[in-house]
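One structure is given here, and the rest of the page talks about it.
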Amino acid sequence: METPACTESAAAAELPFDVFARACPSRETLEHVTGRWGSLTVGALYDGAHRFNELRRRVEGVSEKMLSQTLHALERDGIVHREAQPTNPPRVDYELTPLGREIAERLLSLIHFVEGSMTEVLAARQSYDEARGGR
């Protein structure tokens, strides 16, 4: 299968995809992975497979509808694997694919960096707000 080029000169480009190009499919995948619910879902699945309601409890604040949409998008992108067990009631588990694990490692590195930088971030926010007359 030939991959679509997202740059004007695919032959001259090192990578055929360019997330900065409006029509490039890599932009959509980046959005799925780095959007609020996508990044939290991928991060939550890093420690192993979870059922839908387990994920909902882990990712506080996500609605059932948003989690369902997020999981479908991540599954379509090959980041999450959905396995339905033929039991009564049906049991569905979600886990990261090898690609999903690689993405999760990078995301978790960023998440841990942000968490570790929050003292500095909160101080910057306070300084910003004070300089502009408070919030």
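Here is how the numbers come out for the structure above:
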item	result
Test result for Arg82, open to solvent by 90 Å² or more (accessible area, probe 1.4 Å) and in a helix (DSSP H, G or I)	no
Output for segment 106-120, where each listed residue is surrounded by 12 or more Cβ atoms within 10 Å (Cβ to Cβ) and either touching a residue at least 12 places away in the same chain (Cβ under 8 Å) or over 22 Å from the mean Cα position of the chain (by Cα) (or both)	Leu107, Leu108, Ile111
Any chance Leu96 is in contact with a strand residue (DSSP E or B) (Cβ under 9 Å, 6 or more places away or on another chain) and within 23 Å of Arg27 (Cβ to Cβ)	yes
Residue, surrounded by the most Cβ atoms within 10 Å (Cβ to Cβ), within segment 25-79, restricted to residues that are hydroxyl-bearing (Ser, Thr, Tyr) and under 9 Å from the mean Cα position of the chain (by Cα)	Thr41
Residues satisfying the stated conditions in segment 84-105, i.e. without any contact (Cβ under 8 Å) to a residue 40 or more places away in the chain and either out of contact with any Asp or Glu (no Cβ under 9 Å at 6 or more places or on another chain) or closer than 17 Å to Tyr46 by Cβ (or both)	Pro86, Thr87, Asn88, Pro89, Pro90, Thr97, Pro98, Leu99, Glu102
When residues of segment 28-47 are limited to those that are among the acidic types (Asp, Glu) and in a helix (DSSP H, G or I), the one nearest to Glu60 (Cα to Cα)	Glu31
Failed condition for Phe52, given (1) in contact with a Leu (Cβ under 9 Å, 6 or more places away or on another chain); (2) free of Cβ contacts under 8 Å to residues at least 40 places away in the same chain	(2)
Checklist (1) at pLDDT below 95; (2) of a type in the set (Val, Ile, Thr); (3) not in a loop (DSSP other than H, G, I, E, B) applied to Thr3, failing item	(3)
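The values are calculated or read from the model by the stated rules, or taken from the named source; none is laboratory data. This is a predicted model, so every value here is computed, not measured. Here Cβ is always computed from backbone atoms with ideal geometry, including for glycine, and neighbour counts include all displayed protein chains. Please note that ligands, DNA and RNA were not included when accessible areas were found on the heavy atoms of the full protein model with its side chains. Shrake-Rupley method; radii C 1.70, N 1.55, O 1.52, S 1.80 Å.
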